[in-house]
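A.B. asks: One structure, pasted below without further comment.
What follows is calculated from the coordinates using simple rules that are stated; it is not laboratory data. The structure displayed is predicted, hence computed values, not measured ones. All Cβ positions, even for glycine, are placed from backbone atoms using ideal geometry, and neighbour counts span all protein chains on display.
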Amino acid sequence: GGVKLTTLAEARVEPIRELPGCNVPANRAYYEARAERRWDSTLCVEIEHGSVHGHQAGQFFTKDRVFLQNLGVEDWAYFGHGFIETRLRLPKPRTIDGTVAVMAHRAGYANFAHWVFDVLPRFEILRRCGALERVDHFAVGYAGIGFQRESLAVLGIDEGRCGKFQPDDFLQARTLIV
């Protein structure tokens, strides 16, 4: 129990009205075969007493340890050899009495591009869901690098609220927001 879903944008497919100018037949065929854009739904999910584990914080569980399979963004190659398949029971998670937003990305620890394109947009999703102000802690790939500190300052996020989520971390929060 205790899972709340907020949908910000439904999944959609749009045709591309104008293909890029291209005189090379092979490239033209490439673009014609991809003459539409696809967007997945943009969601914000809150899990009461939820827990998270994984290489990029991609394995989520309810209070009763029900695995929420399609919620995470776990790398399939890692996950295929990962946590769920190799354990008979889950370890005891580190407990946080508060609201934790999961922002971690496997490559976001020290990679500028992943930080900017994979981690930072999640702050806007939280804001649009009305959840950003309720977050006590952010489980994020945070290393205190200059670009991370500067971008958090621009967003008005105190870096003290950001905890570095390690690949083998397993945590449970009063409210977990994904």
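A.B. asks: Given points 7 Å out from each Cα along the Cα-Cβ axis, report the Phe67 to Asp97 separation in nanometres with one decimal.
C.D. replies: Those two pseudo-labels are separated by 3.2 nm.
A.B. asks: Starting from 0.36 nm per residue, how many nanometres of slack lie between Thr7 and Ala113 once their C-alpha separation is accounted for?
C.D. replies: 35.5 nm
A.B. asks: Now for a separate question. What residues qualify as long-range amide H neighbours of His105, i.e. H under 5 Å apart, gap of 5 or more or another chain, H built at 1.01 Å from N?
C.D. replies: Gly141
A.B. asks: Suppose the chain between Arg174 and Val154 were pulled fully straight at 0.36 nm per residue; how much longer would it get relative to their current alpha carbon spacing?
C.D. replies: Extra length available between Arg174 and Val154 comes to 4.4 nm.
A.B. asks: To continue, here is another question. Between Asp136 and Lys164, what is the label-point separation in nm under the 7 Å Cα-to-beta-carbon projection?
C.D. replies: Using points 7 Å along Cα→Cβ, the separation is 2.3 nm.
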